[in-house]
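Please read the structure below before turning to the comments.
The values are calculated or read from the model by the stated rules, or taken from the named source; none is laboratory data. No experiment lies behind these values; they were computed from the predicted model shown. Cβ sites come from the backbone with ideal geometry, for glycine too, and all protein chains shown count toward neighbours. Accessible surface is based on the protein model in full, side chains and every heavy atom, while ligands, DNA and RNA are left aside. Shrake-Rupley method; radii C 1.70, N 1.55, O 1.52, S 1.80 Å.
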Amino acid sequence: LQVKRLAWILLAAVAAMAAGQKLTTEQELDILLRELGASGCKFQRNGSWYQADKAVEHLQKKRNYLVKKGRIKTAEDFIELGASQSSMSGKPYRVACPDVPEVDSKVWLQTRLENIRSRAYKH
């Protein structure tokens, strides 16, 4: 069911991009997490490294929690409140991609978000 939902959301995002419409926060976050999952990068959380798909699972749980609490209005809210650091330890999350220096997840996600937006509004 989750895969079907994501497929429909991504299809709607592609249609919105093609029509030159603004992406919703939900669409931006779906694309952002999909890109993280497909990146081949590793994700560090509390000193341990995880494959990107496991990072996406973790971040999706944090996203769901923040949405239920009404704390996400923008993709930047999610990056700041849920995807930049551990809520348990306060340590920053890190992303390491092949042949690229590792960076804080906040930097990686914000850069990807800017790229998503520039692709969406290129028309």
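Could you go through segment 59-70 and let me know if any residue there is over 26 Å from residue 40 (Cβ atoms) and open to solvent by less than 30 Å² (accessible area, probe 1.4 Å). The answer is yes, given that some residue of segment 59-70 is over 26 Å from residue 40 (Cβ atoms) and open to solvent by less than 30 Å² (accessible area, probe 1.4 Å). Is it fair to say residue 56 is part of a strand (DSSP E or B) and under 14 Å from residue 36 (Cβ atoms)? It is false that residue 56 is part of a strand (DSSP E or B) and under 14 Å from residue 36 (Cβ atoms).
Annotation note: of 112, 119, 45, the sole residue that is within 19 Å of residue 23 (Cβ to Cβ), more than 14 Å from the chain's Cα centre (by Cα) and in contact (Cβ under 8 Å) with a residue 40 or more places away in the chain is 119.
Just so you know, in segment 71-88 the residues that are touching a strand residue (DSSP E or B) at 6+ places or on another chain (Cβ under 9 Å) and farther than 20 Å from residue 117 by Cβ include one that is surrounded by the most Cβ atoms within 10 Å (Cβ to Cβ), and it is 85.
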